[in-house]
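Inspection log for the structure reproduced underneath, given as structure tokens.
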Amino acid sequence: MKITVLTLFPEMFSALDESILGRAKREGKLQLEAVNIRDYSEDKHLKCDDYPFGGGAGMVMTPQPIGSAIEAVDRGHGAHRIYLSPKGRPLTQERVVKLSEEEHLVLLCGHYEGVDQRAIDLFIDEELSIGDYVLTGGELPAMVLIDAVTRYLDGVLSPESLVQESFSEGLLEYPHYTRPVEYRGLAVPEVLRSGNHAEIDKWRREKALEITRKNRPDLLKPE
Ligand code: 4GY
């Protein structure tokens, strides 16, 4: 999959050279391109922001550099174009799986108070939010989306890692343990060392239900 990020801070995306995402990039499973919106500004000082019409605090990203950048990286509009913002529809695991089937994603990262609405109306297919809090820019949300999508690309994770998720079936995950058997007075639950896989599955389902009831009762409600 190809992902093009449009940002004023392309260097931030070097964070994705580490760990599993770094390997996916090196193996060519994820082709990530971070494009500086400023390179497309036609302003003599390469400005990309201006004061809001109607007044108010802060600056707004101007539509020209954004429009020119999008048209340069996605001629013919073959890609699926996403703007990350708290106003967007919630990004869910279901949406992540669907997005992982796209050939080319373009992610637009806003800054300051946001981008001129005409850039969204003219050039964006979908506005997505990673959660109900406000960050200083769209770069971290874009990285969250890239991380979540990359897990579903062929050959990035072992199939078992993804199967385990569907085992949880809409519940939160059961607790994990590894060696040592006892750490600072806390022992690994006996059942996990019993070798009885029916009992282990039963224990894990109970624990998943228990933590879901405690932390996310909304996930247990019908619909
Ligand atoms: N939450 N989900 C989010 C965000 C920062 C002002 C527009 C979020 O997706 N994006 O908080 N983004 C804002 C900052 C410009 C993006």
For the list (1) touching a residue at least 12 places away in the same chain (Cβ under 8 Å); (2) farther than 30 Å from Val115 by Cα, I need the number of the one condition that Gly138 fails. (2)
Elements of type helices (runs of 4 or more DSSP H) in the range 117-201, at least 2 residues being under 14 Å from the mean Cα position of the chain (by Cα): 139-150
Per-region count, the range 99-116, residues away from the ligand (no atom under 12 Å from the Cβ), surrounded by fewer than 20 Cβ atoms within 10 Å (Cβ to Cβ) and in contact (Cβ under 8 Å) with a residue 60 or more places away in the chain: 4
Does Ser85 qualify as being surrounded by 19 or more Cβ atoms within 10 Å (Cβ to Cβ), within 13 Å of the ligand (Cβ to nearest atom) and among the hydroxyl-bearing types (Ser, Thr, Tyr)? yes
All conditions in (1) touching a strand residue (DSSP E or B) at 6+ places or on another chain (Cβ under 9 Å); (2) within 16 Å of the ligand (Cβ to nearest atom); (3) closer than 22 Å to Met12 by Cβ are true of Asp132 except (3)
Going by what's in this entry, would Ala119 be described as more than 30 Å from Arg213 (Cβ to Cβ), within 16 Å of the ligand (Cβ to nearest atom) and among the hydrophobic types (A, V, I, L, M, F, W, C)? yes
The condition of being more than 16 Å from the ligand (Cβ to nearest atom), within 28 Å of Arg216 (Cα to Cα) and hydrophobic (A, V, I, L, M, F, W, C) holds, among Val144, Val156, Val163, Val96, only for Val163
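Residue by residue, here is whether (1) in a strand (DSSP E or B); (2) touching a residue at least 12 places away in the same chain (Cβ under 8 Å); (3) over 21 Å from Asp147 (Cβ atoms); (4) not small (Gly, Ala, Ser) holds:
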residue: Thr4; (1), (2), (3), (4): yes, yes, no, yes
residue: Ala15; (1), (2), (3), (4): no, yes, no, no
residue: Gly22; (1), (2), (3), (4): no, no, no, no
residue: Leu32; (1), (2), (3), (4): yes, yes, no, yes
Just name the residue that is nearest to Val97 (Cα to Cα) out of those in the range 151-204 that are modelled with pLDDT of 95 or more and of a type in the set (S, T, N, Q). Thr178
Among the candidates Ile70, Ile37, Ile20, Ile3, single out the residue that is farther than 19 Å from Gly138 by Cβ and either in contact with a Pro (Cβ under 9 Å, 6 or more places away or on another chain) or away from the ligand (no atom under 13 Å from the Cβ) (or both). Ile20
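The values are calculated or read from the model by the stated rules, or taken from the named source; none is laboratory data. All figures in this text were calculated on a predicted structure; none of them were measured in a lab. Positions of Cβ are generated from backbone atoms using ideal geometry, with glycine treated the same way; all protein chains shown enter the neighbour counts.
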